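Shown next, in structure tokens, is the structure this report addresses.
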Amino acid sequence: MLIELGVPGGRTGVRDDAQREAVLAAIARWPSTIELAGIELYEGVLQGETKVREFLKSAVDTTRELIAQDKIARKPALLSGAGAAWYDVVADEFAKVNSKDIEVVLRPGCYLTHDVGIYIPEPDRAISRRKKAGGFSG
């Protein structure tokens, strides 16, 4: 299973360390049934690139912490993110992971559903962000 990291006021995921520890404790009670494979997140509810990057860096840190504590059974651990709004930023941050202990999985939309209407302008916004950062020439 994957633990989903969320943000206060968001719509999914564990919102703080206490909630994460409660999920980890529940997993530990069922060692022959449930194994933690890694971390996944949904960053689409955050407003602003700085907040998104901070959340992504925190997810990478959390994944590394759980690996160091030997809480993640899967080798390499999975780290998954990238909805429709910030996939370019997720790809940029996760590209910095550079670890044989973490396998990054970028995915479109949420892991269960995909919101369509509000994300129609997002590809153009991503291209605009990359152009401003010098990432695209076209």
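The values are calculated or read from the model by the stated rules, or taken from the named source; none is laboratory data. Bear in mind the structure is a predicted one, so any value in this text is a computation, not a measurement. Cβ coordinates were reconstructed from backbone atoms using ideal geometry, including for glycine residues, and neighbour counts include every protein chain displayed. The protein model used for the area step is the full one, side chains on, heavy atoms only, and it has no ligands, DNA or RNA in it. Shrake-Rupley method; radii C 1.70, N 1.55, O 1.52, S 1.80 Å.
Worth a mention:
- Selected residue (criterion: farthest from residue 69 (Cα to Cα)) from residues of the range 2-25 that are among the charged types (D, E, K, R) and open to solvent by 60 Å² or more (accessible area, probe 1.4 Å): 11
- Single residue of 25, 59 found to be of a type in the set (A, V, I, L, M), part of a helix (DSSP H, G or I) and more than 18 Å from residue 99 (Cβ to Cβ): 25
- Filter result for residue 32 (polar (S, T, N, Q) and open to solvent by less than 80 Å² (accessible area, probe 1.4 Å)): no
- Candidate set: the range 35-52, residues that are assigned to a loop (DSSP other than H, G, I, E, B) and without any contact (Cβ under 8 Å) to a residue 24 or more places away in the chain; chosen: the one least open to solvent (accessible area, probe 1.4 Å): 48
- Looking across the range 53-77, the residues that are of a type in the set (D, E, K, R), touching a residue at least 12 places away in the same chain (Cβ under 8 Å) and more than 17 Å from residue 41 (Cα to Cα) come down to 71, 74, 75.
- Inter-residue pairs, beta-carbon under 9 Å, first under 16 Å from residue 41 (Cα atoms) and in the range 88-101, second open to solvent by 40 Å² or more (accessible area, probe 1.4 Å) and of a type in the set (Gly, Ala, Ser), 6+ apart: 88/135; 92/133; 92/135
- Of the residues examined, residue 68 is one that is open to solvent by 60 Å² or more (accessible area, probe 1.4 Å) and not charged (D, E, K, R).
- Across the range 78-95, the qualifying residues are those that are among the aliphatic types (A, V, I, L, M) and assigned to a loop (DSSP other than H, G, I, E, B), and the one among them that is nearest to residue 21 (Cα to Cα) is 82.
- Qualifying residue in the range 7-19 (condition: within 20 Å of residue 73 (Cβ to Cβ) and acidic (Asp, Glu)): no
- Set 71, 75: member being part of a loop (DSSP other than H, G, I, E, B), modelled with pLDDT of 95 or more and within 22 Å of residue 96 (Cα to Cα): 75
- Some residue of the range 6-18 being within 27 Å of residue 88 (Cα to Cα) and of a type in the set (A, V, I, L, M): yes
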